[in-house]
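Peer 1: Below are the structure tokens for one structure; questions will follow.
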Amino acid sequence: MSTAPTRRASVRKPPADRVAAAAPGELRLIGGRWKRSKLPVANHPGLRPTPDRVRETLFNWLGQDLAGWRVLDAFAGTGALGFEAASRGAAEVLLLEHDQTLAIHLQAACTRLGATMVRVVRADALGWMARREVADLDLVLLDPPFSADVFDAAVRAALPLLTPEGWLYLEADRAFDEAACAAWGCRLHRQGRAGMVHFHLLQRSAPPAPDYTGA
């Protein structure tokens, strides 16, 4: 005896910023000194760890050897991006995290890995970058909460902290094109997409050479 087919209820996918419930309890570093080492992932609202495939792509773009680099992970969260940089030889890595619970998790991960080159600072990323006056960073990693929509403000705050032709990584819920990057004062080197996450590698534009012609 046949019966009428049952309509399957549609399942809405959560926004990219609301994946905490589905986040893994831990993630693995994928390269360098601490390859395959595990980092705990806190069950925290809005926490969105950068996927393995995206991290692998980013560090393929940058090159696997970051020896001597000075790196800022401005919205650290799990610290995955910053620890990947440290694992590949970065001399100094600063993790900024505003949330106290996440900052404690990051410090525990530093201790667990013996990551003496990594420092955790509990601070608001935008405010901290606005107050810093030294342009000595080789790489700034930006993975802000998508719901906050601070991509423009974060890039503009980060670029002055970079050395000439330094690198800036940005994760966002949308793609930014070459025109947007030029307006910020940088060039779009590479970009990609993984699901709802768009990721970009930008390079600070070198300042124009001084004109000594007197024209």
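The values are calculated or read from the model by the stated rules, or taken from the named source; none is laboratory data. Being a predicted model, the structure only gives us computed values, none of them experimental. We place every Cβ from the backbone using ideal geometry, glycine too, and count neighbours over all the protein chains shown. Keep in mind that these areas ignore ligands, DNA and RNA; they rest on the heavy atoms of the full protein, side chains included. Shrake-Rupley method; radii C 1.70, N 1.55, O 1.52, S 1.80 Å.
So that you can scan it fast, the table gives a plain yes or no per residue for (1) in contact with a Phe, Trp or Tyr (Cβ under 7 Å, 6 or more places away or on another chain); (2) within 20 Å of Leu62 (Cα to Cα):
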position: Arg122; (1), (2): no, no
position: Val134; (1), (2): no, no
position: Phe146; (1), (2): no, no
position: Arg156; (1), (2): yes, no
position: Leu161; (1), (2): no, yes
position: Glu178; (1), (2): no, yes
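Peer 1: Next up: Working only within the stretch 75-107, note down all residues that are in contact with a His (Cβ under 8 Å, 6 or more places away or on another chain) and aliphatic (A, V, I, L, M).
Peer 2: Across the stretch 75-107, the qualifying residue is only Leu102.
Peer 1: Taking the options Asp136, Asp173, name whichever one is open to solvent by 40 Å² or more (accessible area, probe 1.4 Å) and of a type outside the set (Val, Ile, Thr).
Peer 2: Working: Asp136 fails: open to solvent by 40 Å² or more (accessible area, probe 1.4 Å).
After ruling out the rest, the residue left standing is Asp173.
Peer 1: Sort through Ala130, Ala154, Ala179 and tell me the only one that's at pLDDT 95 or above and either open to solvent by less than 20 Å² (accessible area, probe 1.4 Å) or part of a strand (DSSP E or B) (or both).
Peer 2: Numbers: Ala130 fails: either open to solvent by less than 20 Å² (accessible area, probe 1.4 Å) or part of a strand (DSSP E or B) (or both); Ala179 fails: either open to solvent by less than 20 Å² (accessible area, probe 1.4 Å) or part of a strand (DSSP E or B) (or both).
One residue alone meets the criteria, Ala154.
Peer 1: Do we have any residue at all in the stretch 119-127 that's closer than 19 Å to Leu162 by Cα and without any contact (Cβ under 8 Å) to a residue 12 or more places away in the chain?
Peer 2: There is at least one residue in the stretch 119-127 that is closer than 19 Å to Leu162 by Cα and without any contact (Cβ under 8 Å) to a residue 12 or more places away in the chain.
Peer 1: Sticking with this one: Has the stretch 106-124 got any residue that is open to solvent by 30 Å² or more (accessible area, probe 1.4 Å) and in contact with a Gly (Cβ under 6 Å, 6 or more places away or on another chain)?
Peer 2: no
Peer 1: Given the options Leu39, Leu81, Leu47, Leu72, name the one that is surrounded by 18 or more Cβ atoms within 10 Å (Cβ to Cβ), under 20 Å from Val121 (Cα atoms) and at pLDDT below 85.
Peer 2: Details: Leu39 fails: at pLDDT below 85; Leu81 fails: at pLDDT below 85; Leu72 fails: at pLDDT below 85.
Step by step, each of Leu39, Leu81, Leu47, Leu72 is checked, and only Leu47 is surrounded by 18 or more Cβ atoms within 10 Å (Cβ to Cβ), under 20 Å from Val121 (Cα atoms) and at pLDDT below 85.
Peer 1: Give just the number: which of (1) modelled with pLDDT of 90 or more; (2) in a loop (DSSP other than H, G, I, E, B); (3) surrounded by fewer than 21 Cβ atoms within 10 Å (Cβ to Cβ) does Asp17 not satisfy?
Peer 2: Here Asp17 meets the rest and fails (1).
Peer 1: Right, here's the next one. I'd like the residue in the stretch 161-170 that is open to solvent by 30 Å² or more (accessible area, probe 1.4 Å) and at pLDDT 95 or above and, out of all such residues, is farthest from the chain's Cα centre (by Cα). Quick ask: steps written out before the conclusion?
Peer 2: As a first pass, look at the stretch 161-170 and keep what is open to solvent by 30 Å² or more (accessible area, probe 1.4 Å): 163-165, 167.
Next, from what is left, pick out any that are at pLDDT 95 or above: 163, 167.
Details: Thr163: 18, Trp167: 12 Å.
Only one residue tops the list, namely Thr163.
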